[in-house]
Amino acid sequence: MTPEEFRTAGREVIDWIASYMERVEQYPVMSRVRPGEVRDLLAAHPPEHGEPFSSILDDLERIIVPGITHWQSPNFFAYFPANSSAPAILGDLLSSGLAVQGMLWSTSPACTEVETHMLDWLVEMLGLPARFASTGSGGGVIQDTASSAVLCALVAARERATQGRSNETGAPGNLTVYTSTQAHSSVEKAVRIAGLGSDQLRLIEVDDAFAMRPDSLAEALETDRANGQLPCFVCATVGTTSSMAIDPLAAIGPLCHDSGAWLHVDAAMAGTAALCPEFRSMHAGIQWADSYSFNPHKWMLTNFDCSAFYVADRAALVGALSILPEYLKNKPTESGAVIDYRDWQIPLGRRFRALKLWCVIRSYGVERLRAMVRQHVAWARELATWIEQSSSFALATPASLNLVCFYHRDGDEATRAIMDRVNASGRLFLTHTRLGERLVLRMAIGQANTTRAHVERAWDVLHETARQVEKQEDAGNPASS
């Protein structure tokens, strides 16, 4: 492809993306293809000769789009948002065009320094402790996801607890890890990958609001120490996946400090809310944390992947992950005056992900980002009010930030039937979880294109579907039929 052909194809691609952004609401939110249907439409064998890029775009429309669940639809209320925006897309395009490999400062100084600066911007924007800024002993790095962040934090905690002995002999079997029963599954996966074993993970009970109970954590720490175990790592969650519960950091932090355990705070979804000073109470006690992460790629208009990970002591992280073979040695690294982000992550190579963050923050400004967060939270609270006034639905928990959890008063069967019907209709997309013994619907309001009108229409669809299910139940038919 010549530069001129690239210009022509590039214009076509940008036009296609812009058109998709304009019409995304017209598609059924969930893909309706059957398993294997997309693959059946792909050519059985690779082409011997190149094809015009226009043909590829035609097949994108014909084959790929029907197999897409449209996460950018304003009617996507499932899981958590995976926001994108035009500035972020352009930042990603610039990153792809530059195609740098940012493993070392010397392999592209701007790749490293822009990232360091963007992570310091976020410390200021979220009101995080100054100890997480690069100007002190800590600093931030962009990981692909919060799952990688928790793994890196755990490896650093393991090495700190063992003073590096695990590099030679394997992690001692007496290291223990703690998190709540509501924490993300990435914690257990990290425990397995780090070589500790799932039997060394302690799941701590939660209170009526589904937040970790400090008294239960204290009891588990004391019991393990009495039995010769070494508490190594505690993962607290600010905004759990199921219900957006917020663990009490102010009570958990001193327990970790006294036991010598590393405290990691996972705020993957909720962290963006700290853009607004009125929501920063969720971070009360954050000064106790050894590490912290949140995902701009969820609620901050920065497309996947972009997870901000901070440590209070970068030496602990770098000491755990740094291996310097001869072929990577260079004068800037040896001077100690630069950051080599290869030492802050699991893989060696890395993309210039900070460009899209730079583009988003500069294009929107902090105040517009705050306005978006405030709108989404306000709409979630309004939805919660409608549910409270409903004779069909009830809240499972008080609305927390932009997530509302609720259920049908007739029980699990009716709740699931409503979700299945709504999702099959294509008009919106919801997912579920279990809180206690109850199946509940989760409605996450955070898509970039969602407006109050979309939330109101979603409520109308839910209310209408509930009436249909209730009529079937009254007629003696199974709710799921």
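Couple of notes before you dig in:
- Over the chain, dividing the summed -39,500 (n - 2.57) contributions of all DSSP H runs of at least 4 residues by the number of residues returns a 222 nm mean residue ellipticity of -13500 deg cm²/dmol.
- Shape category assigned to region 185-336 from the gyration tensor of Cα positions, a/c cut at 1.5: oblate
- Coordinate range along principal axes, alpha carbons of region 48-146, Å, largest first: 53, 38, 20
- FRET efficiency estimate (nearest 0.05) - Cβ-Cβ, Q101 to E61, R0 22 angstrom: 0.10
- Nearest-0.05 FRET efficiency for E113 and L321, computed from C-beta distance (R0 22 Å): 0.65
- Carbon/sulfur fraction of accessible area - the chain, other protein chains in place, 1.4 Å, %: 53
- Here the peptides 87-98, 304-315 are ranked by packing, the mean other Cβ count within 10 Å, and the order with the highest first is 304-315, 87-98.
- Charge tally for L196 (other residues, Cβ to Cβ under 12 Å; Lys, Arg +1; Asp, Glu -1): +2.
- Cβ-based net charge around W121, under 12 Å, with every Lys or Arg adding one and every Asp or Glu removing one: -2
- Shown for the chain are the DSSP H helices of 27 Å or more along their axis, judged by Cα atoms, with a mean Kyte-Doolittle hydropathy of at least 0.0: 354-388.
- Between Q389 and S198, the FRET efficiency from the beta-carbon distance, with R0 = 41 Å, is close to 0.40.
- Relative contact order, percent, the chain [alpha-carbon distance under 8 Å, six or more residues apart]: 21
- Reach of K298 by Cα under 16 Å, taken over lysines that are not fewer than 8 positions away in the same chain: K356
- Placing a label point 7 Å from the Cα of A284 along the Cα-to-Cβ direction, the residues of region 96-138 whose backbone N falls under 19 Å of that point are 127-129.
- Separation in nanometres of the label points that stand 7 Å from Cα toward Cβ, at S425 and D412: 2.5
- Distance (nanometres) between label positions extended 7 Å along Cα→Cβ at E5 and S19: 2.2
- In terms of the mean number of neighbouring beta-carbon atoms within 10 Å, the peptides 365-374, 152-161 order highest first as 152-161, 365-374.
- Calculated on the Cα set of the chain, radius of gyration then Dmax: 24.1, 79 Å.
- Other residues with beta-carbon under 12 Å from the beta-carbon of L348 carry, at +1 per Lys or Arg and -1 per Asp or Glu, a net charge of 0.
- Taking all C-alpha pairs of region 263-412, those more than 26 Å from each other amount to 46 percent.
- Take every Cα pair under 8 Å whose residues are at least 6 apart in sequence, average their separation, divide by the length of region 13-81, and the relative contact order is 54 percent.
- Cα-centred dipole magnitude for region 88-176, charges only on beta-carbon of K, R (+1) and D, E (-1), debye, nearest 20: 380
- Kirkwood-Stokes translational diffusion coefficient of region 1-111, alpha-carbon pairs, 10 °C, 1.306 mPa s, µm²/s: 94
- Residues whose placed amide H lies under 5 Å from that of L435, excluding near-sequence neighbours: V440
- About its Cα centre, the chain has a charge dipole of approximately 440 debye under the convention of +1 per Lys or Arg Cβ and -1 per Asp or Glu Cβ, with nothing else charged.
- Residue-normalised accessible area of region 42-191, expressed per residue, 1.4 Å probe, Å²: 45
- Label zone of S185 (point 7 Å out along Cα→Cβ, amide N under 16 Å): in region 399-436 this covers 431-435.
- Rh (Kirkwood; distinct C-alpha pairs) - region 240-315, Å: 13.2
- Highest to lowest packing among 62-70, 178-186, scored as the average C-beta count within 10 Å: 178-186, 62-70
- Bridge orientation summary for region 194-338: considering DSSP beta bridges with both residues in this region, about 45 percent are antiparallel.
- Extent of region 276-321 along its three principal axes (Cα atoms, max minus min coordinate, largest first): 34, 28, 9 Å.
- Beta bridge orientation in the chain: antiparallel %, DSSP, nearest 5: 55
- Relative contact order computed over region 209-346 (Cα-Cα under 8 Å; 6+ residues apart), in percent: 17
- Placing dummy labels 7 Å off each Cα toward the beta-carbon, the span from S335 to F53 is 3.9 nm.
- Amide H contacts for L230 (H built 1.01 Å from N in the peptide plane; partners 5 or more residues away or on another chain; cut-off under 5 Å): L175, T176.
The values are calculated or read from the model by the stated rules, or taken from the named source; none is laboratory data. Since the model is a prediction, treat every value here as computed from it, not as a measurement. Neighbour counts run over all protein chains shown; Cβ positions are idealised from the backbone, glycine included. Ligands, DNA and RNA are excluded from the accessible area calculation, which covers all protein heavy atoms including side chains. Shrake-Rupley method; radii C 1.70, N 1.55, O 1.52, S 1.80 Å.
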